Amino acid sequence: MLACVYKQKECFELTQKPKPKLLNSKDAIVKVTMSSICTSDLHIKHGFVPKAALGVTIGHEMVGIVEEIGNDIKNIKVGDRVAVNVETFCGECFFCKKGYVNNCLDKDGGWALGCRLDGAQAEFVRVPFAHQGLNKIPDSVSDEQALFVGDILSTGFWAAKISEIKEDDTVLIIGAGPTGICTLLCTMLKNPKKIIICEKDETRREFIKKHYPAVIVVAPENCLEVVNKESTHGGADVVLEVAGSKDSFKMAWESARANAIVTIVALYDEPMVLPLPDMYGKNLIFKTGGVDGCDCKEILSLIEQGKIDTTPLITHKFALKDIEKAYEMFEKKLENVIKIAIVNG
């Protein structure tokens with residue numbers, strides 16, 4: 001089968017690999033119908049994810065059709081159209097039982113697909129613990145609508161959930177890339193009093209203004225001023241940092257009011273310094289980490305009800321055979337790209 005693999009640092013290669021097989025009774029083989037490229041894939045390419053295995057098939061955002069299942073899989077069947085979770089989790093260990101599936105204790109637990117195990121940018125994928133990692137897509141929901149359920153939409157949903165957003169809050173989201181927009185959509189479900197989104201790219205600011213006119217949109221150079229103007233208590237009640245730079249990290253805690261929650265959603269390319277003397281007395285609550293992606297069923301239901309729609313994020317489509325061109329477009333941010341759907345014929 002055709003697959004995009006991590007050959008070495010700075011090099012992904014489209015090549016032929018054997019079609020995956022069931023390895024245990026909780027596996028499923030999924031025929032990938034659509035996948036996508038994520039910024040985390042670029043982090044792997046540039047060597048920022050040490051646990052990524054050389055030779056692994058890249059990609060962790062996908063939907064497809066179940067082709068084969070292990071004997072212990074009872075909740076899905078061959079022929080089901082499914083969204084695949086970015087997280088691999090057993091459902092039985094200490095962390096899984098508490099909903100902290102990102103820290104599943106199984107050797108394949110956490111972010112495995114497209115990192116340590118062969119992933120989405122291929123014709124087929126083996127999904128371990130398929131009874132946890134696959135969710136049937138409702139008939140009324142298209143592949144495009146479901147494409148981001150297992151990763152960036154789960155990330156936004158998780159971030160909004162742990163941020164304890166209340167209806168009288170002013171919420172600041174830093175970064176209007178794909179994950180930032182998904183975080184925005186899930187924050188909107190909480191109905192806070194005001195949402196401010198800060199983004200340095202003018203095209204993306206215009207995208208937010210066009211699609212979400214109730215949101216206050218600012219550039220980084222005006223962010224602190226606007227936040228202070230729009231906030232009741234000297235800063236944002238909740239800050240979600242989704243941009244992933246030194247400047248955005250600093251902006252996150254500087255924009256927060258005293259005793260605010262600052263949720264770090266971004267994955268950074270280098271260590272961040274927490275300047276405790278500078279923020280002394282603000283009594284901030286920081287929440288960080290990788291997504292606990294165990295809400296896919298609820299997210300699919302919200303999509304079915306028309307409460308979440310991520311299809312405007314898909315600005316371009318490519319066939320799998322042309323994925324190298326898609327990577328060039330995504331990494332160089334050509335043609336105002338936001339997200340690319342990789343479509344298998």
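Side notes on the structure shown:
- Candidate aspartates and glutamates - alpha carbon under 17 Å from Lys26, same-chain residues fewer than 8 apart omitted: Glu67, Glu68, Asp72, Asp80, Glu87, Glu92, Asp106, Asp108, Asp118
- Surface composition of the range 54-203: carbon plus sulfur atoms contribute 48% of the solvent-accessible area (1.4 Å probe, protein chains only, all chains present).
- Taking 0.36 nm per residue of sequence separation and removing the Cα-Cα distance, the Gln8/Lys297 pair yields an extension gain of 100.5 nm.
- Contour minus Cα-Cα distance for Glu230 and Asp201 (0.36 nm per residue): 8.3 nm
- Largest-first principal axis extents of the Cα set of the range 224-301 (Å): 40, 31, 21
- Lysine pairs in the range 120-235 whose alpha-carbon atoms fall under 12 angstrom of each other, counting only those eight or more residues apart or on distinct chains, come to 5.
- Using equal-weight Cα scatterers in the Debye expression, the normalised intensity of the range 99-210 in log10 at q = 0.15, 0.20, 0.21, 0.22 Å⁻¹ is -0.84, -1.17, -1.21, -1.25.
- Counted over the chain, the DSSP beta bridges are approximately 55% antiparallel.
- Relative to the dominant Cα principal axis of the chain, helix 246-255 is inclined by about 50°.
- Note on the range 146-202: with charges restricted to the Cβ of Lys and Arg (+1) and Asp and Glu (-1), its dipole about the Cα centre is near 160 debye.
- Taken over the Cα atoms of the range 82-160, the convex hull encloses 103 Å³ per residue.
- With contributions of -39500 (n - 2.57) from each DSSP H run of at least four residues, the per-residue ellipticity at 222 nm computed over the chain stands at -7000 deg cm²/dmol.
- With R₀ fixed at 30 Å, the C-beta to C-beta distance from Lys246 to Asp139 puts the FRET efficiency at about 0.05.
- Peptides 276-284, 84-92, 290-298 ranked from most to least packed, by the mean per-residue count of other Cβ atoms within 10 Å: 84-92, 290-298, 276-284.
- From the C-alpha gyration tensor of the range 26-126, square roots of 5λ in Å: 22, 19, 10
- Net dipole in debye of the chain [+1 Lys, Arg Cβ; -1 Asp, Glu Cβ; about Cα centre; nearest 20]: 360
- Solvent exposure of the range 17-59, expressed per residue, is 41 Å² of accessible area, with all protein chains present and a 1.4 angstrom probe.
- The HN-Hα couplings worked out from phi for the range 56-62 by the Karplus form 6.51 cos²θ - 1.76 cosθ + 1.60 (θ = phi - 60°) are 6, 6, 7, x, 9, 10, 6 Hz, whole numbers, x standing for Gly and Pro.
- Ordering of 300-308, 101-109 by burial proxy (mean other Cβ atoms within 10 Å per residue, highest first): 101-109, 300-308
- Evaluated over the range 225-265, the Cα radius of gyration and Dmax, each in Å: 9.7, 27
- As a calculated quantity, the FRET efficiency between Thr15 and Glu164 at R0 = 41 Å, using C-beta atoms, amounts to about 0.35.
The values are calculated or read from the model by the stated rules, or taken from the named source; none is laboratory data. Everything quoted here is computed from the prediction, not taken from an experiment. Backbone-built Cβ (ideal geometry, glycine too); neighbour counts: all protein chains shown. The accessibility values were calculated without ligands, DNA or RNA, using every heavy atom of the protein model including side chains. Shrake-Rupley method; radii C 1.70, N 1.55, O 1.52, S 1.80 Å.
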